[in-house]
Amino acid sequence: MTDIDLKGMGVALITPFKEDESVDYDTLGKLVDYQLQNGTDYLVVLGTTAETPTLTEDEKSRIVEIVVAKVRRQIPIVLGVGGNCTHTLVKKLKTGTFEGVDAILSVVPYYNKPSQEGIYRHYQAIAEATNLPVVLYNVPGRTAVNMTAETTLRLARDFRNIIAVKEASGNITQMDDIIKNKPADFNVISGDDGITFPLITLGAIGVISVIGNAFPREFSRMVRLALAGDYEGARTIHHSFTELIDLIFVDGNPAGVKSILHAMGYIEHKLRLPLVPTRITTFEKIRNVLRSIRK
């Protein structure tokens, strides 16, 4: 297992689409360059923000190829490898190609609503199927099941290559419990931009960010200041983004951040069904906040 440093701000990359809703690979390459030039610490490819469920296997492979070729080992790449069929994931991990990938991010199985023991055995099978570092992903708002602190800590202690959890439960008490009782070599990563600052003050090592798609330089600076203990400086940046962070999730992710990137001139305002772009009313509010940020 290779060592990987996930301290700081990772960005969950969007997938840009053309007007005809085909993947805009050229723009994807430009977005990766934008991240590399503006202080992003690592990239998360084919996560929730990438609209991964709407992509074909060929599109997914091409996206990974482009990102790996662009990054050229300058920063780590974390690949989303999740699902609700353990057998399928194990087969993919054993037979797939992961060249240029430094770790995988795997979401708690959705829809099936497994018990805590089921969640544990699912991740056990994943950890045993790969030598890559594994980041757990707890997001009960999407999966319908919360992975408890007890289950997370059990996995952290039992499997050497389970190295971190992306926590998006919204339950600060649960996250603090994990931070307080975790092994020294296991880390907690914020899965919500809005609580990244307070979570770092409790001992989290950073965030896998959505807003970082549009503002990598500013948001990564906030994360670095917080990690360095400059809470006043970090708090100022945190507060400057709170309204915008709330707005980008009003009509769902990644609709909000895509509307920002469209307003900034980077991408077409396109998503794939069943997701749709932000409503005009939300988009106008976002543009007003953008104008105030740019002053």
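The values are calculated or read from the model by the stated rules, or taken from the named source; none is laboratory data. These numbers were taken from a predicted model, which means no experiment stands behind them. Neighbour counts are summed over all protein chains in view; Cβ atoms, including those assigned to glycine, are modelled from backbone coordinates with ideal geometry.
Looking only at residues that are surrounded by fewer than 16 Cβ atoms within 10 Å (Cβ to Cβ) and in contact with a Ser or Thr (Cβ under 6 Å, 6 or more places away or on another chain) in segment 110-136, which one is nearest to GLY191 (Cα to Cα)?
The qualifying residue nearest to GLY191 (Cα to Cα) is GLN116.
Do we find that ARG217 is closer than 16 Å to VAL32 by Cα and in a helix (DSSP H, G or I) in this structure?
For ARG217, the condition - closer than 16 Å to VAL32 by Cα and in a helix (DSSP H, G or I) - is met.
Report, by residue number, each residue of segment 244-253 that is assigned to a helix (DSSP H, G or I) and surrounded by 15 or more Cβ atoms within 10 Å (Cβ to Cβ).
Within segment 244-253, LEU244, ILE245, LEU247, ILE248 meet the criteria.
Of the conditions (1) surrounded by 24 or more Cβ atoms within 10 Å (Cβ to Cβ); (2) over 14 Å from the mean Cα position of the chain (by Cα); (3) not hydroxyl-bearing (Ser, Thr, Tyr), ARG157 fails just one. Which one is it?
Failing condition for ARG157: (1).
Being over 23 Å from ALA168 (Cβ atoms) and assigned to a loop (DSSP other than H, G, I, E, B) is the filter here; which residues of segment 254-276 pass it?
Hits for segment 254-276 are MET264, GLY265, TYR266, ILE267, GLU268, HIS269, LYS270, LEU273.
Which residue out of MET175, MET222, MET264 is closer than 21 Å to LEU290 by Cα, of a type outside the set (Asp, Glu) and either crowded, with 22+ Cβ neighbours inside 10 Å or touching a Lys or Arg at 6+ places or on another chain (Cβ under 7 Å) (or both)? Before the answer, list the steps.
Working: MET175 fails: closer than 21 Å to LEU290 by Cα; MET264 fails: either crowded, with 22+ Cβ neighbours inside 10 Å or touching a Lys or Arg at 6+ places or on another chain (Cβ under 7 Å) (or both).
Step by step, each of MET175, MET222, MET264 is checked, and only MET222 is closer than 21 Å to LEU290 by Cα, of a type outside the set (Asp, Glu) and either crowded, with 22+ Cβ neighbours inside 10 Å or touching a Lys or Arg at 6+ places or on another chain (Cβ under 7 Å) (or both).
Of the residues LEU89, LEU93, only one is in a helix (DSSP H, G or I), touching a residue at least 40 places away in the same chain (Cβ under 8 Å), among the hydrophobic types (A, V, I, L, M, F, W, C) and within 16 Å of THR130 (Cα to Cα); which?
LEU89
From the list VAL139, VAL107, VAL67, VAL78, exactly one residue is modelled with pLDDT of 95 or more, surrounded by 20 or more Cβ atoms within 10 Å (Cβ to Cβ), closer than 27 Å to VAL23 by Cα and touching an Asp or Glu at 6+ places or on another chain (Cβ under 7 Å). Which is it?
VAL78
Filter segment 1-44 down to the residues that are in a strand (DSSP E or B), over 21 Å from VAL276 (Cα atoms), in contact with a helix residue (DSSP H, G or I) (Cβ under 7 Å, 6 or more places away or on another chain) and of a type outside the set (Gly, Ala, Ser) and list them by number.
Scanning segment 1-44 gives MET9, VAL11, LEU43.
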